[in-house]
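Each remark here refers to the structure printed beneath this line.
The values are calculated or read from the model by the stated rules, or taken from the named source; none is laboratory data. Predicted, not measured: the structure shown is a model, and the values here were computed from it. So basically every Cβ, Gly included, is an ideal-geometry build from the backbone, and we count neighbours across all protein chains shown. Ligands, DNA and RNA are excluded from the accessible area calculation, which covers all protein heavy atoms including side chains. Shrake-Rupley method; radii C 1.70, N 1.55, O 1.52, S 1.80 Å.
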Amino acid sequence: MSILESLFESPLGRQVAARAGLAEPPVLRRGRVIPSGPVLLAELPGGGIGRAVLAALGVPASEPLLDLPENRTPDERGRPQPPRYDVRPGALVIDATGVREIVQLELLRQVLRPVMKRLEGSGRVIILGTHADDVEGLEARAVAQALDGIMRTVGKELRGGATANLVWLSDGADAADLASTLAFLLEGRSAFVSGQAWRVRPRKDGDRSGEGMLGERSRPFEGRIVVVTGAARGIGAAIAHTFHRDGAQLVVIDMPAAGESLAAVANELRGSALQLDITTPQAGARIAAQVTRVHGPQAKIWAIVHNAGITRDTMLANLDEKRWASVLDVNLAAEMRINELLLDPALPGGLGENARIVGIASTSGWAGNKGQANYAASKAGVMGLVRAEAEELVGRPVTANAVAPGFIETDMTAAIPFVQREVFRRTNSLSQGGQPVDVAESLAYLCDPASGGVDGQVIRVCGQNIIGA
Ligand code: NAI
């Protein structure tokens, strides 16, 4: 710990920080823990799916208070006050899927206002909308987008670790398509996901399972093989642990130089370890061979998590060809080559019929970052890759998605100089860095067998970082 860090961590330092407006960051609710207060459902005109999905998840929903003049009790000076809840709500789900007119947006204000200061710590605001591509007419399309601006502002105004997100429903998507997403958002698994909007479509695989999956339904990957690259430490090791908790049989991969820690991860999780540099041309074939060797000739991969990544930061003015090539190859090209090979349906040990592909992008790829032209190119490339793969795989129920982490507390970010690190850590709506498990939980949600309607999406796990917000 540097002198500056010790000072910052001392009682005096904390006092100074508090005076400077740097409040102690809230402790976030994590894991498969649901809100403790009631879940309020605001069903706006034309909605219905919100009620259906909460019922499917077994969540009793209460009606929210409305910010109507008749609901306002006057204060001691006779001035009307907005309605207030006696019990702090745990979540507010706004079903705005039928909202098409600008005047109807007023209803969002009415149901949000009483909740903004009353939501419990790590509470949730979840807005359900219909995507602009799925509605007709200028006003309806403008209104669809307006929901995004409301949601992002709510995320920035909420306190105490509460989050706001928006789910776009596509034509034909129903409660079974939405269930895994709503479960993820309500639970602590989405602790560091805020200010995000993503799309849920009808599930490509036609699978309708997923009812009653909230909270304790905890082993969606039972009997399924999940491959994680770069799993010897950091986020990769957290990913392996999270999938293991949820029942997966793991194949963990890392560089031969990290062999010892890789073996430790594999042993602890009763998985198999493969020492492999993912940039070698035979990488895909080696992965498939490992799967059949350990799990038998008929075995197929349920999910591959492309986590391995490197940085070789320097300003463009100093950036040489080697630093450029190595980052692009590890972070992007290797992932593309491996997927291409493993997607061959005839390959023993390749990706199964309904497999899940997930990549790890970065907020640097979203917004750009000084000194990271190579890294930002590779991570923006990962976003482009999963979107393109999702489109190409249209006739096959494989999904491809990515998460884009912001500041996550790992060895990589511990190396950033203290002041800069504290700034990165604090400049998001949750005033703290994320944990590796936050990235892992988001990836596990995308790989859930019930998440087949989430395809070609990129979800930021950044606590609504102001970078690129
Ligand atoms: P890390 O450096 O702690 O771990 C990366 C792992 O990948 C290491 O074990 C390394 O040996 C392995 N690896 C590197 N090149 C490899 C190769 N050619 N073949 C096989 N394995 C290889 O990194 P961290 O922080 O855990 O990051 C994991 C992923 O998350 C990376 O893709 C990173 O770019 C991404 N990320 C991390 C963020 C953070 O704040 N830590 C933010 C945004 C993205």
Which FRET efficiency value, to the nearest 0.05, is calculated for ARG219 and ARG113 with the Förster distance at 56 angstrom and r the Cβ-Cβ distance? 0.90
On the formula 1/(1 + (r/R0)^6), with r taken between the Cβ atoms of ALA285 and GLU321 and R0 of 30 Å, the FRET efficiency rounded to 0.05 is 0.60
Spin-label proximity, VAL103 to segment 38-75 - amide N less than 16 Å from point 7 Å beyond Cα toward beta carbon: 45-46
How would you rank 275-283, 229-237, 247-255, highest first, on the average number of other Cβ atoms within 10 Å across their residues? 229-237, 247-255, 275-283
Computed label-point distance, nm, for sites VAL27 and ASP313 using a 7 Å Cα→Cβ extension: 3.1
Would segment 29-98 count as rounded, prolate or oblate if I go by the C-alpha gyration tensor, calling it rounded below 1.5 in a/c and otherwise prolate when a/b exceeds b/c, oblate otherwise? oblate
Compute the Cα gyration tensor for segment 65-214, then decide on rounded, prolate or oblate, letting a ≥ b ≥ c be the square roots of its eigenvalues: rounded whenever a/c is under 1.5, prolate when a/b is larger than b/c in the other cases, and oblate in all that remain. oblate
Segment 206-329: relative contact order in percent, alpha carbon pairs under 8 Å with at least 6 residues between: 25
Between ALA414 and LYS156, how high is the FRET efficiency from 1/(1 + (r/R0)^6) when r is the Cβ-Cβ distance and R₀ = 22 Å? Nearest 0.05. 0.20
Accessible surface, per residue, of segment 213-308 when the full set of protein chains is kept, probe 1.4 Å, Å²: 41
Between segment 232-267 and segment 434-462, the alpha-carbon center distance in angstrom: 18
Distance in nm between label sites at ARG270 and ALA55, each 7 Å beyond Cα in the beta-carbon direction? 4.0
Can you tell me the relative contact order of segment 243-393? Whole percent, Cα pairs under 8 Å, sequence separation 6 or more. 22
Order by protection proxy (mean Cβ within 10 Å, highest first), peptides 415-421, 113-119: 113-119, 415-421
Shape call for segment 310-469 from the C-alpha gyration tensor, a ≥ b ≥ c root eigenvalues: rounded (a/c under 1.5), prolate (a/b greater than b/c) or oblate? oblate
Highest to lowest packing among 313-324, 336-347, scored as the average C-beta count within 10 Å: 336-347, 313-324
The answer for segment 321-460, accessible area per residue at 1.4 Å probe in Å², is 34
Helix-derived mean residue ellipticity, 222 nm - over the chain, DSSP H n ≥ 4, -39500 (n - 2.57), to 500: -11000 deg cm²/dmol
